[in-house]
1. Based on the Cβ-Cβ distance of residue 113 and residue 46, what FRET efficiency does E = 1/(1 + (r/R0)^6) give at R0 = 41 Å, to the nearest 0.05?
2. Mind checking which aspartates and glutamates have their Cα closer than 18 Å to the Cα of residue 61? Skip sequence neighbours fewer than 8 apart in that chain.
3. Residue 75 to residue 129: extension gain in nm, 0.36 nm per residue of separation minus the Cα-Cα distance?
4. Please list 36-42, 90-96 highest first by mean number of surrounding beta-carbon atoms within 10 Å per residue.
5. State the Cα centre-to-centre distance between the range 94-121 and the range 61-82 in whole Å.
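What follows is calculated from the coordinates using simple rules that are stated; it is not laboratory data. Keep in mind that what you see is a predicted model, and the values were worked out from it rather than measured. As a convention, Cβ positions derive from the backbone with ideal geometry for all residues, glycine included, and neighbour counts pool all protein chains shown.
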Amino acid sequence: MKKLLGSMLLALGLGLVFQAAEAIDASSKIICGTNDANQIYCTNYAGLEHGVWERIPGELKQVVVRAGQLWGVNVLGDIYFAADIRHPAWVHLNGKAKEIAESGGLVCIVNNADEIWCADANEGAATGNPGWKRAPGGARLKFISIN
């Protein structure tokens, strides 16, 4: 009975993994996050109500998703960008950060000195040099959100 139950659970688990491969559609509303092991998981809004999450390659302490692209920061403060959520080829960006945000083509980071640096998300990310510019007025914040 235990073997049968174990086989059924394995089949159910494999079924969820199979479904998860279809869970992410870059044109839909996507939700991403990281767990305690810094593993990245994403789902689309429809998948959220069914519990279908897909493991994305890489390890980050924070991940941001927009328009099928991923931005993130790892535990060492390294900043990464992937142009395609379905097949993330991570690009290491220059600079260090503890926090990252992206919206409407603008990406901003907060570094360990609580300084805010921003760049045009459409320029330089694919080459690793987004052209960070310090926020005016010497703003120092621990967290940032962009709209």
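1. That pair, residue 113 with residue 46, gives E of 0.50.
2. Residue 61 reaches 36, 78, 99, 102, 114.
3. 17.4 nm
4. 90-96, 36-42
5. With the range 94-121 and the range 61-82 each reduced to a Cα centre, they are spaced 10 Å.
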